[in-house]
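Here's the structure, in structure tokens; my notes come after.
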Amino acid sequence: LLVLEKKAELAPRMRAAIERILVSQTYAQDWTIQGQGDAARACLSSAGAERIARNFPIHYDRVQIKREDWSDTEGPAYRYVCTGYATLYDRGVYAEGSYSTRDEFLGKKGGKWRPLEEINEGDIRSAAHHIFCGNAIKELLGLRGLPAAEYQRIMGSTGQDATKSGRVTRGRGTQGGATPEEQAAQRELAEICIGIANDGYVVDEIDGEWQVIARAPDDDRDAMEVAKDICRDLSSFPRENGEIVPGKLAKELRGKWLGATLVKARKLAGK
């Protein structure tokens, strides 16, 4: 109880300190606004997150990176997926980052998808690693899915022009056939599931409502496996005949199925 009371006393100071570091180490251009109205969220780039991280003793462990290949209507493609753990003080989290030849910054030239031989594979691998680091930092510091109104308040307090932040554009022809909007939703869904797992919870449907519940003491799965199961649980649904349709991972979901699952996840995360 004494520890909790002390944390509660110091929490506002911690938040204020993080906000001061946030505005001193990032620029409006480091942020992208996703969504509209009350649902809009400010998402920090990996580069901005890494600048913030220079002020904290963050350590990475068990980092792995692998290549995944596939083909779509544009031809062969691949992505690198970087996974691992990060710790800050006494808290550890699981994180992942991926980047593919179907991401426009490196994958397109002159409005057309570049042949694989024209793309530097090392750049794709490095981008996945930076995204992994950025996601870990944001998870540890509570910077995931910052409400746009809160972001504007923080940035505005220092005189920075929050209107210079980017906005997600809509289009087609991205990795695995997902639109940019779907990719953003897939990332948000994965981050929420990972956040729930990192906080020591799983999900369960009780009386028709999804709820987060504490993991059993003998549950020895790592955070990644828990996060995957959370996503599969949330994306499952019953048919009219009562048969349960198995859920999928975030990167496998599309369209209305993805949207409905994200709504459930946001509700559990209090967003």
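The values are calculated or read from the model by the stated rules, or taken from the named source; none is laboratory data. Since the structure is predicted, the reported quantities are computational estimates derived from the model, not experimental observations. Cβ placement follows ideal geometry from the backbone for every residue including glycine, while neighbour counts extend to all protein chains displayed. Heads up: the accessible areas ignore ligands, DNA and RNA and are worked out on the full protein's heavy atoms, side chains in. Shrake-Rupley method; radii C 1.70, N 1.55, O 1.52, S 1.80 Å.
What does the C-alpha gyration tensor say about the overall shape of the range 42-83? Classify as rounded when a/c is under 1.5, otherwise prolate if a/b is larger than b/c, or oblate. It is oblate, given that a/c is not under 1.5 and a/b is not larger than b/c. If you take every residue apart from MET224 with its C-beta less than 11 Å away from the C-beta of MET224, what net charge results, scoring Lys and Arg +1 and Asp and Glu -1? It works out to a net charge of -1. A 1.4 Å probe run over the range 17-105, with the rest of the protein chains in place, finds 52 Å² accessible per residue. State the percent of C-alpha pairs, over all pairs in the chain, separated by a distance greater than 32 angstrom. Result for the distance tail: 26 percent. Does the range 20-163 come out rounded, prolate or oblate, given a ≥ b ≥ c as the square roots of the eigenvalues of its C-alpha gyration tensor, rounded meaning a/c under 1.5 and, failing that, prolate meaning a/b above b/c? Oblate shape, in that a/c is at least 1.5 and b/c is the bigger or equal ratio. When the residues HIS59, HIS130 are ordered by accessible surface, computed with a 1.4 Å probe over the protein chains alone, the sequence from largest down reads HIS59, HIS130.
Taking a straight Cα-Cα cut-off under 16 Å and skipping sequence neighbours fewer than 8 places away in the same chain, the aspartates and glutamates within cross-link reach of LYS112 are ASP72, GLU74, ASP103, GLU104. The largest accessible area among SER235, SER71 belongs to the first residue in SER71, SER235, and the rest follow in falling order (1.4 Å probe, all chains).
Pairs from the table (LYS109/LYS138; LYS66/LYS251; LYS7/LYS138; LYS228/LYS256) lying more than 23 angstrom apart at Cα are LYS109/LYS138. Put a dot 7 Å past the Cα of ALA216, heading toward its Cβ, do the same for ARG20, and the two dots end up 4.7 nm apart. The dipole here belongs to the range 58-137: it is taken about the Cα centre, uses +1 on the Cβ of Lys and Arg and -1 on the Cβ of Asp and Glu, and is about 80 debye. Among DSSP beta bridges lying fully in the chain, give the percent that are antiparallel, nearest 5. Percentage antiparallel, nearest 5: 95.
Based on Cα contacts under 8 Å between residues 6+ apart, the range 14-168 shows a relative contact order of 30 percent.
The apolar share of the surface of the chain, taken as the fraction of accessible area on carbon and sulfur atoms (1.4 Å probe, ligands and nucleic acids excluded), comes to 51 percent.
Leaving ligands and nucleic acids out of the surface, order LEU44, LEU2 by accessible area at 1.4 Å, largest first. Could the numbers behind the result be given before it?
Numbers: LEU44 5, LEU2 140 Å².
Putting LEU44, LEU2 in descending order of accessible area: LEU2, LEU44.
Of the whole protein surface, TRP257 contributes about 70 Å² of accessible area at a 1.4 Å probe radius. Applying the Karplus relation 6.51 cos²θ - 1.76 cosθ + 1.60 with θ = phi - 60° to the range 254-269 yields 3J(HN,Hα) values of 9, x, 5, 4, 5, x, 5, 5, 5, 4, 4, 5, 4, 4, 5, 7 Hz, where x marks Gly and Pro.
The figure for ASP61 is an accessible area of roughly 80 square angstrom, using a 1.4 Å probe on the protein chains alone.
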